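Chemist: Okay, here's the structure, questions in a sec.
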Amino acid sequence: MIKVIAVGLSLALSSGLASAQPTPTPGGPAPSPEAPKPPKTPKTDEKAGTDETLQSGAGERPWAVGVTKENQQFALSKFQEGNLQLNDGLFANAAKLYREALSHWDHPAINYNLALALLNLDQPIEVYDHLESAIKFGPGPLEKDKFEHAKEYMLLVKQQIAEVEVSCKKPGAKVSVDGKEVFTVGPNGEGGYFKGRVKTGKHTFIAEKPGYNAQVDAPYIGPGEPFRIELTLYTADELTRYRRKWNKTWVPYAVVGGGVAVGLLGGAFALSANSSYDEFDTEVARCNTASMGVGCTDASVMEIRDSGDTKKVLAYVGYGLASAAIVTGVVMVYMNRTSSYQITADEYRKQERDKAKATPVSITPVIGPDMSGAMLHGSF
């Protein structure tokens with residue numbers, strides 16, 4: 001809505017600063033914000049960028065005090081160029097020219113036209129600031145209708161901005177709002193305060209100093225809502241926390257221990273298999289001797305060999321399971337190693353508040369004429 005209004009007004013209201021001779025007032029009548037009228041083509045006998053408001057106002061002109069004629073003429077020239085750009089819808093170019101004019105003369109009319117250009121560039125904070133500058137001397141330098149329009153626009157733009165107050169007491173800390181540095185705290189804590197306007201929405205406040213850090217992600221700040229915060233810096237150690245993948249740290253070691261146990265069991269089977277093979281060889285020799293070289297046909301001897309084969313297979317299975325378990329356990333130990341991470345200042349403060357709320361258990365002796373004992377205090 002604001003952009004549409006500004007486009008309609010930028011042509012109708014963009015004429016004029018003032019010259020020594022009275023000339024047509026800058027911009028002519030302005031349509032109301034509620035019912036914007038389409039811009040009209042300037043009449044041929046009207047001069048875009050005239051300078052009547054430069055000399056308007058009866059008596060003294062406080063907005064011109066201390067401004068040399070040279071600066072006034074330079075500001076008038078840039079103002080007129082800006083008006084041409086504004087009339088052509090080149091709002092960024094117009095804003096640049098108006099800012100050049102303001103650098104030589106902080107005139108309410110220049111602030112007013114700059115606000116009109118910025119309305120179309122979605123810069124509500126700057127719009128509000130320049131509208132404030134436009135009305136600070138009353139309607140005298142701006143004309144009554146534009147003075148009233150400026151106040152109406154301020155009410156509209158105010159719905160897009162909020163006020164924040166940020167403070168910090170840590171000497172040397174640099175504080176920024178949404179990535180833009182707003183102040184550096186002095187050696188004795190001076191200068192540690194900022195009050196300003198921001199767009200409605202969520203914002204980030206950061207205080208930084210070597211070895212310290214504080215970051216606060218503010219909740220949504222609505223129109224006109226004051227938001228106050230004091231940034232307290234914490235050391236990296238205070239904001240560092242440690243964690244593991246599994247809270248039960250014994251689990252990986254239990255897996256490794258289980259693998260070692262299975263490996264030892266496999267070793268026992270291997271030793272037993274070797275013992276069975278030795279027994280088999282002894283029994284085969286004995287059986288061959290007893291049979292006078294005919295050959296051993298005793299089934300019990302074959303059973304000894306089969307037992308050795310079974311134990312050998314079990315040993316290999318045990319070795320395989322042990323190897324897999326040990327490798328898995330070692331990997332789990334590695335994965336469950338301690339890792340550090342940083343918490344935010346908000347989280348740190350919440351943890352500290354939670355600690356403060358926890359009531360320690362205490363025991364109070366109770367002694368009376370008819371009894372003795374103790375009273376337990378605490379929360380569970």
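The values are calculated or read from the model by the stated rules, or taken from the named source; none is laboratory data. It should be emphasised that the depicted structure is a prediction, and the values quoted were computed from it without experimental measurement. Glycine gets a Cβ as well: all are built from the backbone with ideal geometry, and neighbour counts include every protein chain shown.
Chemist: Residues 172, 138: which one is under 24 Å from residue 191 (Cβ atoms) and either out of contact with any Gly (no Cβ under 6 Å at 6 or more places or on another chain) or touching a residue at least 40 places away in the same chain (Cβ under 8 Å) (or both)?
Modeler: Result of the check over 172, 138: 172.
Chemist: Turning to a different aspect of this structure: Collect the residues in the range 180-207 that are in a strand (DSSP E or B), farther than 12 Å from residue 168 by Cα and in contact with a Gly (Cβ under 8 Å, 6 or more places away or on another chain), keeping them in residue-number order.
Modeler: 204
Chemist: Would you say residue 324 is touching a helix residue (DSSP H, G or I) at 6+ places or on another chain (Cβ under 6 Å), modelled with pLDDT of 80 or more and in a helix (DSSP H, G or I)?
Modeler: no
Chemist: Kindly indicate whether any position in the range 65-73 is assigned to a helix (DSSP H, G or I), touching a strand residue (DSSP E or B) at 6+ places or on another chain (Cβ under 6 Å), assigned by TED's automatic domain parsing to the domain that holds residue 138 and not aliphatic (A, V, I, L, M).
Modeler: There is no residue in the range 65-73 that is assigned to a helix (DSSP H, G or I), touching a strand residue (DSSP E or B) at 6+ places or on another chain (Cβ under 6 Å), assigned by TED's automatic domain parsing to the domain that holds residue 138 and not aliphatic (A, V, I, L, M).
Chemist: Considering only residues of the range 270-284 that are hydrophobic (A, V, I, L, M, F, W, C) and either touching a Ser or Thr at 6+ places or on another chain (Cβ under 9 Å) or surrounded by 14 or more Cβ atoms within 10 Å (Cβ to Cβ) (or both), which is farthest from residue 321 (Cα to Cα)?
Modeler: 284
Chemist: Does residue 373 satisfy the condition of being surrounded by fewer than 15 Cβ atoms within 10 Å (Cβ to Cβ), modelled with pLDDT under 75 and under 30 Å from residue 241 (Cβ atoms)?
Modeler: Taking the combined requirement at face value, the residue does not satisfy it.
Chemist: Residue 92 versus (1) surrounded by fewer than 19 Cβ atoms within 10 Å (Cβ to Cβ); (2) out of contact with any Leu (no Cβ under 8 Å at 6 or more places or on another chain); (3) farther than 30 Å from residue 211 by Cα: which is the lone unmet condition?
Modeler: Looking at each condition in turn, residue 92 falls short on (2).
Chemist: Could I ask something else about it? Where in the range 87-146 are the helices (runs of 4 or more DSSP H), entirely inside, with at least 3 residues that are within 23 Å of residue 69 (Cβ to Cβ)?
Modeler: Result: 91-104, 108-119.
Chemist: So which residues in the range 208-235 are more than 17 Å from the chain's Cα centre (by Cα), assigned to a loop (DSSP other than H, G, I, E, B) and under 19 Å from residue 186 (Cα atoms)?
Modeler: The answer is 210, 211.
Chemist: Same structure again: Look at residue 263 and say whether it is touching a Phe, Trp or Tyr at 6+ places or on another chain (Cβ under 8 Å) and within 30 Å of residue 331 (Cβ to Cβ).
Modeler: Answer is yes for this residue.
Chemist: Inside the range 70-103, can you point out the residues that are acidic (Asp, Glu) and touching a helix residue (DSSP H, G or I) at 6+ places or on another chain (Cβ under 8 Å)?
Modeler: Scanning the range 70-103 gives 81, 100.
Residues are listed down the side, and each one gets a yes or a no for (1) more than 30 Å from residue 215 (Cβ to Cβ); (2) surrounded by 12 or more Cβ atoms within 10 Å (Cβ to Cβ):
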{"position": "268", "(1), (2)": "yes, yes"}
{"position": "286", "(1), (2)": "yes, yes"}
{"position": "300", "(1), (2)": "yes, no"}
{"position": "308", "(1), (2)": "yes, yes"}
{"position": "315", "(1), (2)": "yes, yes"}
{"position": "337", "(1), (2)": "no, no"}
{"position": "347", "(1), (2)": "no, yes"}
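Chemist: Output the residues belonging to the range 310-358 that are among the polar types (S, T, N, Q) and in contact with a Pro (Cβ under 6 Å, 6 or more places away or on another chain).
Modeler: If the condition is that a residue be among the polar types (S, T, N, Q) and in contact with a Pro (Cβ under 6 Å, 6 or more places away or on another chain), then 336 is the only one that fits.
Chemist: Answer yes or no as to whether residue 273 is touching a residue at least 40 places away in the same chain (Cβ under 8 Å) and not assigned by TED's automatic domain parsing to the domain that holds residue 176.
Modeler: yes
Chemist: Restricting attention to the range 216-251, and to residues there that are buried (at least 16 other Cβ atoms within 10 Å of the Cβ) and either at pLDDT below 80 or not hydrophobic (A, V, I, L, M, F, W, C) (or both), which single residue is nearest to residue 329 (Cα to Cα)?
Modeler: Applying the filter and picking the extreme gives 239.
Chemist: Looking at the range 106-113, is at least one residue farther than 20 Å from residue 156 by Cα, crowded, with 17+ Cβ neighbours inside 10 Å, in contact with a Ser or Thr (Cβ under 8 Å, 6 or more places away or on another chain) and at pLDDT 90 or above?
Modeler: There is at least one residue in the range 106-113 that is farther than 20 Å from residue 156 by Cα, crowded, with 17+ Cβ neighbours inside 10 Å, in contact with a Ser or Thr (Cβ under 8 Å, 6 or more places away or on another chain) and at pLDDT 90 or above.
Chemist: When you go through (1) among the charged types (D, E, K, R); (2) more than 30 Å from residue 317 (Cα to Cα); (3) in contact (Cβ under 8 Å) with a residue 24 or more places away in the chain one by one for residue 286, which number turns out not to apply?
Modeler: The failed condition is (3).
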